[in-house]
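Asker: Just dropping this structure here.
Please treat every number below as a calculation from the coordinates, not as lab data. Fair warning: this is a prediction, and the values are worked out from it, not measured in the lab. We place every Cβ from the backbone using ideal geometry, glycine too, and count neighbours over all the protein chains shown.
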Amino acid sequence: MHALKELFTSDVGLMSVAVIVAGLGIGVYLIRFALQHMRDEEALLRRRP
């Protein structure tokens, strides 16, 4: 419990949480970006004769 209190109340802990959240957000964005472009590329290749 002390570790969680330290994580959410200290400056270093809050910055750690911010970095973790930002990293997860970037990861989700990149995965969605790649999947969308793979779908677009596949649709483009299917339309070509």
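Asker: Any idea how many residues of region 31-49 are outside any helix (DSSP H, G or I) and surrounded by 10 or more Cβ atoms within 10 Å (Cβ to Cβ)?
Answerer: So the answer is 0.
Asker: Give 28, 12 a once-over and let me know the one that is part of a helix (DSSP H, G or I) and either among the basic types (Lys, Arg) or surrounded by fewer than 10 Cβ atoms within 10 Å (Cβ to Cβ) (or both).
Answerer: Exactly one of 28, 12 is part of a helix (DSSP H, G or I) and either among the basic types (Lys, Arg) or surrounded by fewer than 10 Cβ atoms within 10 Å (Cβ to Cβ) (or both), namely 12.
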